[in-house]
1. Given the options B:78, B:65, B:84, name the one that is within 30 Å of residue B:24 (Cβ to Cβ) and in contact with a strand residue (DSSP E or B) (Cβ under 7 Å, 6 or more places away or on another chain).
2. How many residues does the stretch A:151-181 contain that are over 21 Å from residue A:57 (Cα atoms) and not in a helix (DSSP H, G or I)?
3. Check A:355, A:337 and return the single one that is over 30 Å from residue B:229 (Cα atoms) and more than 14 Å from every other protein chain (Cβ to nearest Cβ).
4. Report the residue count in the stretch B:1-47 for those that are touching a residue at least 24 places away in the same chain (Cβ under 8 Å), buried (at least 16 other Cβ atoms within 10 Å of the Cβ) and in contact with a strand residue (DSSP E or B) (Cβ under 9 Å, 6 or more places away or on another chain).
5. Within the stretch A:363-378, can you find the residues that are free of Cβ contacts under 8 Å to residues at least 24 places away in the same chain and out of contact with any strand residue (DSSP E or B) (no Cβ under 6 Å at 6 or more places or on another chain)?
6. Test of understanding: among A:80, A:112, A:142, A:117, which residue is closer than 21 Å to residue A:455 by Cα and in contact with a strand residue (DSSP E or B) (Cβ under 7 Å, 6 or more places away or on another chain)?
């Protein structure tokens, strides 16, 4: 019964969730009936198992294993029901009511009810250590109407909330765990997700078991789930061959070798976009023509072919094809044109070229190639390598590095993406300025319901303004390359966080 | 000098000198001798196998590997020389001085050297570059600092043996100044020991330079180093499985030449830089911590603690046997005495 309602809503949301619910999507061999086994995933471990103190956007994949939110994202990154079976907005969009599934519990046995949801969301908004507080700032009040009804009153109209709550921001944490040992959540998460954590060794492994109380437990097949860091390029193939990993994220360089060895490889479109962050308040980048010259001087196709071995798509905007925010009119926004770059540079007052410093955490590969490409247009790049551990501090917080090679991991809601990339507090907007037109366009997204027929065009209008006025140099979309042993069924093709509904593993204990 | 003549008669020495001569030429003019531009990229010809156009193939950005190897020589060798230079400059004079210039200085120098001995090479270099900036000179300064206690210990051990010899005591009795004794009786006899240590130290430093660029510390891409090339080749084993051989062989051959020279120097001068049984065993073992710190033993100066040049890096493992345990133990003192009595 729950399944039927779920399917109906899934169909409304684009039908893609239906595939996941049926187990293994197009892979007819698995049939979705096999339960048991252990799935070992070579991916990444978390900065913290507490969703509100986790400091890396990437953590959402691992945290989704142990936590569930009111909503989750389907394969196309649309919010669909999770802990809440449905929701409705008030007429003016300033209040939204979520209806929880009844009888659910956290992995510590306490009930997932309206009070728990209220406490968890308020903790995310009000806790001193919360890194998701900004996302929840628009919450005026969370009201537990009855045990299974939560009403969220907003400070202003915000139709993005169901999407925002599908990520780390909306992961519901057991209030009992918070009361007894809040700090301990960083290593001992208590949620209502598909799995529960049994043991965890930071930077090494996390071992989880299936949580029977998960609302969609019928679609979670493996009994055990183990999480490891992604393998190095040199060991990717061996880790699959030896069976140390069943599913592994592999570098594009290993694609052919892994395929040739008989493993299945899925190239899953993702929101991850390679980008050069530019601070347009610092010379020489304060001259828009210099930034434009850089945008035209980069040969993105060559980057994809060399650095990514042809995997990935040239992109001039923060959203990949297939995402609501992807504006088709921007598909060739800044074509590779050395002559034009030189001309722009001359117009900017640098006829003899210009010297800039490109900061990176690992110079090998993309930065070296960008350096060589820009040199052809007269932009002489000096590479500066800073340790990964200092990158956040130096680039995002001190804003001491005006030109930085970065990767945007994507966000649940396009509004969040706009905030991070272009907002006045946006980490990847080192200039911390943006034009009023962009603010208005983003405000318009917030005020447009997701099912409004104009929604996509409203988002795309904002994308256009951002790409044309902001200095970020978008390069290409990076698909997620997941290789798997043949005993694991096909994985879902999730744009945002990878999920494992319907995935089976056989002959593996 | 007869030592040199005796050395040059050895085939291993001639071969080593030849290798080092080639390395020296490449170090000075590698970039200009290279057949192609070592940093010119060709995205259409990445990771290619050896061919007429690229004798050793191309790397992940389509750059000519042979040209890069040649161009990398200078950077790799100068880095090693810097580290050894800093180590010698800080260690050797202090080692001499610790014997000659009184108790207070001796105590202080020993404690500082003990403290430095506890620092692991690579981690210290990473910390230093993190603080004073990521560059080859900063990294090598750090490595030199960590190398210094080895030179200090070995110089001190050799000097101690000489300082208690009868002719030095006689010189003291007849009123020779400390400086005169140092210059006349000690310095020239300690020098060969230091040279041997420096040679094996240079070999170790070459490996450290390589392992540091392996970790992305020191030189910055696109400028190539041997270690940097080795490290990036490992990421493309599927495309070019033999590729890491080229930079590894260059490192191994250079290190081997330096070691051959050091061995020959030791053999021809009769200076024992290690109990043969012990150093034989230490060779080939990659135990990271052979550095002994026995302050009790050094205090009564009967036994001098040996120190070992060993790094815990991956590169060490590729060239095991090259990093030599140089121990100036009690056994070296009688030998030196014998040599002295021959004079």
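The values are calculated or read from the model by the stated rules, or taken from the named source; none is laboratory data. Bear in mind the structure is a predicted one, so any value in this text is a computation, not a measurement. Positions of Cβ are generated from backbone atoms using ideal geometry, with glycine treated the same way; all protein chains shown enter the neighbour counts.
1. B:65
2. Number of matching residues: 10.
3. Among A:355, A:337, only A:337 is over 30 Å from residue B:229 (Cα atoms) and more than 14 Å from every other protein chain (Cβ to nearest Cβ).
4. 4
5. Those that are free of Cβ contacts under 8 Å to residues at least 24 places away in the same chain and out of contact with any strand residue (DSSP E or B) (no Cβ under 6 Å at 6 or more places or on another chain): A:364, A:368, A:372, A:375.
6. A:80
Every residue, every condition in (1) at the interface with chain A (Cβ under 10 Å from one of its Cβ atoms); (2) assigned to a loop (DSSP other than H, G, I, E, B), yes or no:
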position	(1), (2)
B:206	no, no
B:211	no, no
B:223	yes, yes
B:227	no, no
B:238	yes, yes
B:243	no, yes
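Residue-wise test of (1) under 17 Å from residue A:46 (Cβ atoms); (2) modelled with pLDDT under 95.
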residue: A:120; (1), (2): no, no
residue: A:127; (1), (2): no, yes
residue: A:147; (1), (2): no, yes
residue: A:171; (1), (2): yes, no
